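One structure below.
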Amino acid sequence: MTENNQHHEAAGEPGARAQAANENAAAGQADAPQAGPDDAPHPAVVIEKLNAENVELKDRVLRTLAEMENVRRRAEREVADAKVYGVTGFARDMLGFADNLRRAIESVPADAREADGPLRSLLEGLELTERDFISRLARYGVKKLEPQGQKFDPNLHEALFEVPDPSVPANTVVQVVEAGYSIGERCLRPAKVGVARGGPKAAQPSGENGQPTS
């Protein structure tokens, strides 16, 4: 009888333990805070958060678009510069040919220019060739500078000497030794010139009230 009772008690222990564990788990779930309607985010908070995210995304999009626009403009500028200045090296080499034509024309004596004959025909042919060559250079943006009588510009001219001449404003180009050329908005080769010295200063452009601009 005693052995049977001990056997029943031993067999009932696991069941009792499982039941106790289930009761403890149920009690824990009962004690845990339950999520209710009051714990949900307030709609105003959600809207504010969404607006902030929207502003951030909009800023990113605008920055990306601005960067793409800058890249596009840079690419267009590089392509345009390549079209205009891509022949710079070749054009600079061709200036020697233009110089030689000009020297050949200037080497003809003045009396031979007026007399009829083969020398005059040769001179006319040289002048025609020079004009045609200059016009062909102009097709590629290369233009001959005409500094005679203009104010000296260090960006376009190279002063070799000064000429005393009080009849013209100081720093006026009075003699061109070697022609200069530009390509696009850049100086391809500065003109070698002589400038006047001793004359009055060049007049300053006037402002709206007639006062010289600084």
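Computed over the range 145-202, the Cα gyration tensor eigenvalues convert (square root of 5λ each) into semi-axes of 21, 10, 8 Å, ordered from largest to smallest.
Taking the charge dipole of the range 43-84 about its Cα centre, with +1 at Lys and Arg Cβ atoms and -1 at Asp and Glu Cβ atoms, the residue from Val61, Ala82, Pro43 reaching farthest to the positive side is Ala82. Footprinting exposure proxy ranking of Phe133, Phe161, Phe152, fewest other C-beta atoms within 10 angstrom first, gives Phe161, Phe133, Phe152. Remark: the range 43-84 carries a charge dipole of roughly 160 debye about the Cα centre, counting +1 on each Lys and Arg Cβ and -1 on each Asp and Glu Cβ.
Full extension of the chain segment joining Glu124 with Lys83 gains 11.4 nm, where the gain is 0.36 nm per residue of separation less the Cα-Cα distance. Spin-label pair Glu76-Arg60: with each label point 7 Å from Cα along the Cα-Cβ axis, the two points sit 2.8 nm from one another.
Determine the sum of side-chain charges near Asn70: Lys and Arg each +1, Asp and Glu each -1, restricted to other residues whose C-beta is under 12 angstrom from that of Asn70. If you can, show how the numbers build up before the last one.
On the way: positive: Arg63, Arg72, Arg73, Arg74, Arg77; negative: Glu67, Glu69, Glu76.
It works out to a net charge of +2.
Fully extending the segment from Arg136 to Glu106, taken as 0.36 nm per residue of separation minus the present Cα-Cα distance, adds 8.6 nm.
Relative to the current alpha-carbon distance between Arg197 and Lys143, full extension at 0.36 nm per residue lengthens the span by 16.6 nm.
The lysines whose alpha-carbon is closer than 19 Å to the alpha-carbon of Lys151, local same-chain residues fewer than 8 away aside, are Lys143, Lys192, Lys201. Seen from Glu53, the other residues with C-beta closer than 12 Å to its C-beta sum to a net charge of 0, counting Lys and Arg as +1 and Asp and Glu as -1. Annotation for Val163 and Leu50: the two label points, set 7 Å from Cα along the Cα-Cβ direction, are 8.2 nm apart.
Taken together, the values in this text are just the output of simple stated rules run on the coordinates, not laboratory data. Remember, predicted model here, so these are calculated numbers, not experimental data. Every residue, glycine among them, receives a Cβ derived from its backbone with ideal geometry; neighbour counts consider all protein chains shown.
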